[in-house]
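Participant: Please read through the structure below; I'll follow up with questions.
The values are calculated or read from the model by the stated rules, or taken from the named source; none is laboratory data. The model shown is predicted, which means the values in this text are computed figures rather than measured ones. Here the Cβ positions follow ideal geometry from the backbone for every residue, glycine too, while neighbour counts run over all protein chains shown. Remember, those area values only see protein heavy atoms, side chains included, never the ligands or the DNA or RNA. Shrake-Rupley method; radii C 1.70, N 1.55, O 1.52, S 1.80 Å.
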Amino acid sequence: MLRNIEFEGPFEMGVKAPESAGLYLVCTESSGGIRILGVYDADNIDQSLASNEFKEKWVECTDMGLFYYYSEMDIPSYRREEKVQDIISTRPYDVLCVKPIKDDW
């Protein structure tokens, strides 16, 4: 449970994820427990996890192994993105493998 969202896992990388919409967290172990490297929303979690643009950076950010959690959510993409940003903004550390929000106004 994270930010009132129930996540399934952990799963090792390579284990098939659901082909449904939702959120997923890519994580590693750290001296303080579990560290989130990336938080993502997807229309197809399995496909997004397999083709994520940050895959190489995940490996660069850890030597402790990678795993993921997922939460299936049948809600609009913009609502999932709000939840992603909430998780990222409440971490006490930088989430390294995400695109920063652009302030374009």
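Participant: With a 1.4 Å probe and all protein chains left in place, how much accessible area per residue does the chain have, in Å²? Walk me through the intermediate numbers first.
Facilitator: Details: 6720 Å² over 105 residues.
Averaged over the residues of the chain, the accessible area is 64 Å².
Participant: Now for a separate question. Report, as a whole number in µm² per second, the diffusion coefficient that Stokes-Einstein gives for the chain at 25 °C and 0.890 mPa s using the Kirkwood radius over alpha carbon pairs.
Facilitator: On the way: Rh = 14.0 Å.
For the chosen part, D equals 175 µm²/s.
Participant: How much of the accessible area of the chain, probe 1.4 Å, is carbon plus sulfur, in whole percent?
Facilitator: Details: 3210 of 6720 Å².
Carbon and sulfur: 48 percent of the exposed surface of the chain.
Participant: To continue, here is another question. Answer rounded, prolate or oblate for segment 1-53, using the Cα gyration tensor with square roots of eigenvalues a ≥ b ≥ c: rounded when a/c is under 1.5, else prolate when a/b is larger than b/c, else oblate. Numbers along the way, then the final one.
Facilitator: Values: a/c = 1.87, a/b = 1.42, b/c = 1.32.
Prolate is the answer for segment 1-53, as a/c is 1.5 or above and a/b outweighs b/c.
Participant: Defining a contact as two alpha carbons under 8 Å apart and six or more residues distant in sequence, what relative contact order in percent does the chain show? Numbers along the way, then the final one.
Facilitator: On the way: 159 pairs, mean separation 37.2, N = 105.
Once normalised by length, the contact order is 35 percent.
Participant: Here is a follow-up. What FRET efficiency do you get for Arg79 and Ser31 if R0 is 41 Å and r is their Cβ-Cβ distance, rounded to the nearest 0.05?
Facilitator: Numbers: r = 34 Å, r/R0 = 0.83.
Calculated transfer efficiency: 0.75.
Participant: Please give the length that would be gained between Glu8 and Glu56 if that part of the chain were fully extended, namely 0.36 nm times their separation in residues minus their C-alpha to C-alpha distance (nm, one decimal). Don't skip to the answer; put the middle values down first.
Facilitator: On the way: separation 48, 0.36 × 48 = 17.28 nm, distance 2.35 nm.
Fully extending the segment from Glu8 to Glu56 adds 14.9 nm.
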